[in-house]
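No value in this document is a laboratory result; all are computed from the given coordinates. Note that the structure is predicted; figures quoted are calculated from it, not measured. Every residue, glycine among them, receives a Cβ derived from its backbone with ideal geometry; neighbour counts consider all protein chains shown.
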Amino acid sequence: MRTSPNIIITGTPGVGKTTHCEQLAQSSGLKHLDINKIVKERNCSDGYDEELKSVIVDEDKLLDAIEEDLEKGGQIIDWHACDLFPASLIDLVCVIRCDSTTLYDRLKARGYGDKKLEENMDAEIMEVLLQEARDAYEEEIVVELHSEEAEMIESNVERIAAWVGNWRRDNAANGEGEDGDGA
Ligand code: ADP
């Protein structure tokens, strides 16, 4: 039984996932699972999309690579997709959102080409990740958080860290209750 929760921080590229994950890892002690890095380090790619200039991920290999981490608990998954992770191992899904003008500037600054930029802008406007999260997980564990200004990161991270504290307390109490009953 997990003593720390698994959290997905998802959203369109550029909305602020990694920034949130890094700060949340510091304040909560959970581990930042940067899926981009894991795909490279644990060999989970299945080729390269030249047009989009991005690695194609082999989802089965990726799930195998992180299965043990998820079963252990205490992971913050940082990835621009969310519905591949087993619902039974996920306790909270935060969908980070950003307004179009701000996102456009961030993606331009990253040097995204026109096609990639357009696809990501469309995805954010059409709320693709929010819908994916709502389709894949229970409604009450999906939270939408905005990240346009620096202070928003701080308040979002505080809010998630407080939730982590509650989750740990609730689950520690559950564990003790079961032991105590001796059933
Ligand atoms: P993602 O992981 O979703 O691709 P990042 O965390 O890398 O996004 O953030 C993209 C860029 O936007 C970074 O330069 C980051 O500093 C900036 N950024 C993210 N959120 C905010 C925010 N709330 N206020 C100001 N800048 C932000």
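Odds and ends about this structure:
- Peptides 16-23, 143-150, 108-115 ordered by average Cβ neighbours within 10 Å, highest first: 16-23, 143-150, 108-115
- Cα gyration tensor shape for the chain, rounded if a/c is under 1.5, else prolate or oblate: prolate
- Förster radius 41 Å - calculated FRET efficiency between GLU154 and ASP69, Cβ distance, rounded to 0.05: 0.95
- The order of TRP163, TRP79, going from fewest to most other C-beta atoms within 10 Å of their C-beta, is TRP163, TRP79.
- Neighbour-count order for SER28, SER4, fewest beta carbons within 10 angstrom listed first: SER4, SER28
- Student exercise, the stretch 45-178 dipole from Lys, Arg, Asp, Glu Cβ charges, in Debye to nearest 20: 480
- Listed from fewest to most Cβ neighbours within 10 Å, the set ILE153, ILE96 follows the order ILE153, ILE96.
- Inter-probe distance in nm under a simple model that places probes 7 Å from Cα toward Cβ, at SER27 and LYS108: 3.1
- Unsatisfied cross-links (Cα-Cα over 28 Å) in the set LYS40/LYS72; LYS72/LYS115; LYS61/LYS108; LYS37/LYS115; LYS72/LYS116: LYS72/LYS115; LYS61/LYS108; LYS72/LYS116
- In the elastic network of the chain, a GNM with C-alpha springs shorter than 10 Å, the most mobile of ASP60, ASP34, ASP99 is ASP60.
- When both the stretch 21-73 and the stretch 84-106 are represented by their alpha-carbon centers, they are found 15 Å apart.
- Additional length obtainable on full extension of the chain from ASP122 to ILE141, 0.36 nm per residue less Cα span: 4.3 nm
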